[in-house]
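To start, the structure under review is shown below, and the notes come after it.
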Amino acid sequence: MKRNLLLIIVVIALMPLIFWTSCISDEKKLARQEADSLAQVQAWEIDNYVDDFGDKTGKYCVKTEVTGTFSDSYVSNEILYVEFLVDKKKSGIFLHKRDTSSLAERSIGTVTIRMKNSNGKILDIYTTDSWTNSEGIAIWDKDYFKLKKFLKRSVGKIRVVIRDEYSSSYNFTIDATGFTREFSLL
């Protein structure tokens with residue numbers, strides 16, 4: 001009897017501690033959810049182009065940065081760093097293999113860009129254009145307008161697969177959240 005009474009007293013004494021720990025855990029979960037939500041809303045941000053000297057040019061774009069994977073004839077599922085930007089005239093995708101300090105891949109031959117949004121809509125773009133002579137993939141003209149429309153009409157995650165003529169494949173996911181709002185501020 002004393003043993004049962006002692007057990008009941010211990011349980012009653014520990015109840016506030018259990019409740020308090022649960023509240024802290026719930027508060028941490030809520031804070032984490034808010035941070036995740038904020039990160040999603042701010043997936044796109046306005047960025048200022050810079051010239052060769054690192055000086056701001058006064059020309060702006062909206063930009064998101066994500067990670068993904070790439071595979072080619074030598075490696076499979078290696079880390080990929082992606083910069084995806086859209087301005088008022090064109091869009092650029094910069095694919096950095098293994099680290100952000102490496103030059104971005106450029107389009108050699110025809111590059112196929114395939115996107116699928118959370119509603120199951122698919123956009124296919126074919127381009128041969130590089131952003132510069134040394135790096136990046138550029139999207140211009142009709143394809144640019146199709147891309148911009150696709151981004152504005154998408155909600156949430158968009159899966160992207162890019163393939164070139166030399167069997168390289170790049171896979172990543174961008175989030176359309178915030179694109180329309182940020183783009184309207186350009």
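The values are calculated or read from the model by the stated rules, or taken from the named source; none is laboratory data. Being a predicted model, the structure only gives us computed values, none of them experimental. Here the Cβ is made from the backbone with ideal geometry for all residues, glycine too, and neighbour counts use every protein chain on show.
Of all the numbered requirements in (1) touching a residue at least 12 places away in the same chain (Cβ under 8 Å); (2) under 16 Å from D87 (Cβ atoms); (3) surrounded by fewer than 16 Cβ atoms within 10 Å (Cβ to Cβ), F179 misses one, and that requirement is (3). Would you be able to say whether some residue in the range 30-45 is modelled with pLDDT of 95 or more and assigned to a strand (DSSP E or B)? Scanning the range 30-45, I find at least one residue that is modelled with pLDDT of 95 or more and assigned to a strand (DSSP E or B), so the answer is yes. In the range 147-162, the residue that is nearest to T67 (Cα to Cα) out of those that are surrounded by 19 or more Cβ atoms within 10 Å (Cβ to Cβ) and of a type in the set (V, I, T) is V160.
When the range 88-129 is filtered for residues that are free of Cβ contacts under 8 Å to residues at least 24 places away in the same chain and not in a strand (DSSP E or B), the ones remaining, listed by number, are R98, D99, T100, S101, S102, G120, T128, D129. For the range 93-102, state whether one or more residues are crowded, with 17+ Cβ neighbours inside 10 Å and of a type in the set (A, V, I, L, M). The answer is yes, given that some residue of the range 93-102 is crowded, with 17+ Cβ neighbours inside 10 Å and of a type in the set (A, V, I, L, M). From the list G109, G120, G178, the one residue that fits, being within 18 Å of T64 (Cβ to Cβ) and among the small types (G, A, S), is G178. Identify the single condition in (1) within 25 Å of S184 (Cα to Cα); (2) of a type in the set (D, E); (3) at pLDDT 95 or above that E78 does not satisfy, given that it satisfies every other one. Tallying (1) within 25 Å of S184 (Cα to Cα); (2) of a type in the set (D, E); (3) at pLDDT 95 or above, E78 fails exactly one: (1). When the range 155-167 is filtered for residues that are modelled with pLDDT of 95 or more and under 26 Å from R106 (Cβ atoms), the ones remaining, listed by number, are I158, R159, V160, V161, I162, R163. For R114, state whether it is assigned by TED's automatic domain parsing to the domain that holds H96 and at pLDDT 95 or above. So R114 fits the description; yes.
The single condition among (1) more than 28 Å from V50 (Cβ to Cβ); (2) part of a helix (DSSP H, G or I) that R159 does not meet is (2). Evaluate the range 120-128: report whether one residue or more is surrounded by 14 or more Cβ atoms within 10 Å (Cβ to Cβ) and small (G, A, S). The answer is no; no qualifying residue exists.
Among the residues of the range 130-146, those that are in a helix (DSSP H, G or I) and crowded, with 19+ Cβ neighbours inside 10 Å comprise D143, Y144.
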